[in-house]
1. Separation between the A:Ala66 and A:Thr10 pseudo-spin-labels, each 7 Å from Cα along Cα→Cβ, expressed in nm?
2. With a 10 Å Cβ neighbour count serving as the proxy for reagent exposure, in which order, fewest first, do A:Met51, B:Met72 appear?
3. Taking 0.36 nm per residue of separation and subtracting the Cα-Cα distance, what length does fully extending B:Glu146 through B:Val80 add?
4. Which order do the peptides B:30-41, B:165-176 come out in when sorted by mean C-beta neighbours inside 10 angstrom, highest first?
5. Report, in debye and to the nearest 20, how large the dipole of the protein assembly as shown comes out about its Cα centre when Lys and Arg carry +1 and Asp and Glu carry -1 on their Cβ.
6. Taking the Cα atoms only, what angle lies between the long axis of helix A:3-13 and the longest principal axis of chain A, rounded to 10 degrees?
7. Mind giving me the nanometre distance, one decimal, between the label points for A:Ala43 and B:Gln117, set 7 Å out from Cα along Cα→Cβ?
8. Going by how many other Cβ atoms sit within 10 Å of their own, how do A:Ser73, A:Ser67, B:Ser25, B:Ser93 line up, fewest first?
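Each value in this text was obtained by applying a stated rule to the coordinates, not by laboratory testing. Computed from a prediction, not measured in an experiment: that's the story for all the values here. Cβ coordinates were reconstructed from backbone atoms using ideal geometry, including for glycine residues, and neighbour counts include every protein chain displayed.
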Amino acid sequence: MSDADRDRLTRLLGPAGPELTCEECFEHLDAYVEIELARGEGAAEAAVPGMGAHLAGCPACAEDHASLRALLSDARD
Amino acid sequence: MLSAAASVAPVPAAEPVRSHADVGSAAWVAALGARGPDHDAAVARLHALLLRAARFELRRRGARADVEDLAMQAADDALVAILAKLHTFRGQSRFTTWAYKFGLLEAGVKARRRAWQGREVPLPDEGWAAFADIRHGPGADAETAELLAAVRVAIDGCLTPHQRAVLVAIALQDVPIDVLAERLGTTRGALYKTLHDARRKLRAELERQGLHPDGGSR
């Protein structure tokens, strides 16, 4: 499957597994990003199950996640 | 701002997120909850912090016009939201991280709405027609072609008109979900629920046909 077709299917079908809502994502985003930066994505997902799936399926929340990650990374430099 | 919506799907229980309860965060909460000069000073420091976050976000997105105005509006709105929700801070992150997410959310929403100001949200049929017309090159395998064809049929046959419009706008036409929510007079959470339900229907239909988009065996 080409990358373009894979991307198209992902956008249409979303993540396969259970996921958080946008509200739950926002509620836990700060803790998730701090754990992610300190101990990695696996530890963050273990602390907040369903966050990774939601970020894969929701472009706006994925942007919010990337922004907070970037800001905290910038602040640490 | 986000608003309540029904849960899209149950998720497994989380490991408990350890509360930091660090001294700096406790000091923020105490000062913001106090009265008098300490409160006023803390509010001013918080606003400065939110302004910094909003400027960071707007510049990261490449915004050039009205950055200061947008950043100030975002910081103002985020400050109001934080003071209203201060009692919900659980200390699961540093207070500043918790506060930053409000500033970034407000800046992101304002940047997306500004980018779409004056632009028509495309009609669902435009995006749908573009998807239906996609032709695959010689590299496209038979299984991919079968999957995409099945998705097209399922979008047409299994979704309500509203679900199809939301799916096409967000997944195929790149309309930001909060811009679409504003145009439709609803919330980001409610629209995501619609999107999620549409995706579940499509996956169920593919499953019924023995198709596995995530690469599982038939």
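1. Taking the simple label geometry, A:Ala66 and A:Thr10 are separated by 1.2 nm.
2. In order of increasing Cβ crowding within 10 Å: B:Met72, A:Met51.
3. So the extension gain works out to 18.7 nm.
4. Listed from highest to lowest mean packing, they are B:165-176, B:30-41.
5. 300
6. 80
7. Output for this residue pair reads 4.3 nm.
8. Placing the least packed residue first, the sequence is A:Ser73, B:Ser25, A:Ser67, B:Ser93.
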